[in-house]
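Reading through the structure tokens given below for one structure.
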Amino acid sequence: MVFRISHDSRREGSEVRPLPEVLLAEGKKLPANCCWDGLQVLKDDLPEKEEHCALEKLRRLLNKYTLEKEIAQKLKKRMEKVFEGHWSCIVGSSFGCFVSHVEHEYLHVRSGRKEIILYRSA
């Protein structure tokens, strides 16, 4: 397994953590505030399979599209195609929201100045 040292290894209290790409490859969840390929996971309450699908698709969409509406629409459609239920996605750099979602079906990610909220709606 590949590891990353979070700060100077000579200092006491340095922490060794697996790289995010290794965790994803092993089918494990990313820890909160984990950064992976430009994505910072702020809040993750998705099952592992859904988390991996959402993060992979989101990474590709952010590299391909600049319009927030397109990113939100395509991520929502992907999640509805692969997983049952109704999904909602919010993408933007300045917004406020208060949403109701199915328990354990919520993801909040930051990429640069964009915030992405994905959740399964009831």
- prompt: Which residue pairs have Cβ atoms under 7 Å apart, sit 6 or more places apart or on different chains, and have a first residue in the range 36-56 that is more than 19 Å from residue 84 (Cα to Cα) and a second that is part of a strand (DSSP E or B) and β-branched (Val, Ile, Thr)?
  reply: 39/109; 40/109; 41/109; 42/109
message: Which numbered condition in (1) within 19 Å of residue 37 (Cα to Cα); (2) surrounded by fewer than 19 Cβ atoms within 10 Å (Cβ to Cβ); (3) free of Cβ contacts under 8 Å to residues at least 24 places away in the same chain is the only one that residue 68 fails?
response: (3)
- request: Spot the failing condition for residue 85; the list is (1) more than 16 Å from the chain's Cα centre (by Cα); (2) surrounded by 20 or more Cβ atoms within 10 Å (Cβ to Cβ), and only one is missed.
  value: (2)
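Looking only at helices (runs of 4 or more DSSP H) that fall completely inside the range 1-120, which ones have 2 or more residues that are among the aliphatic types (A, V, I, L, M) and at pLDDT 90 or above? Steps first, please.
Details: elements: 20-25, 48-64, 68-82.
Hits in the range 1-120: 48-64, 68-82.
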- prompt: Could you count how many residues in the range 66-114 are within 20 Å of residue 41 (Cβ to Cβ) and either of a type in the set (Asp, Glu) or out of contact with any Leu (no Cβ under 9 Å at 6 or more places or on another chain) (or both)?
  reply: 13
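For every residue, the table says whether it meets (1) surrounded by 13 or more Cβ atoms within 10 Å (Cβ to Cβ); (2) touching a Pro at 6+ places or on another chain (Cβ under 9 Å).
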{"position": "48", "(1), (2)": "yes, no"}
{"position": "58", "(1), (2)": "yes, no"}
{"position": "73", "(1), (2)": "yes, no"}
{"position": "81", "(1), (2)": "no, no"}
{"position": "98", "(1), (2)": "no, no"}
{"position": "104", "(1), (2)": "no, yes"}
{"position": "115", "(1), (2)": "yes, no"}
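The values are calculated or read from the model by the stated rules, or taken from the named source; none is laboratory data. Just so we're clear, the structure is a prediction, and the values are computed from it rather than from any experiment. Note: ideal-geometry Cβ built from the backbone for every residue, glycine included; neighbour counts use all protein chains shown.
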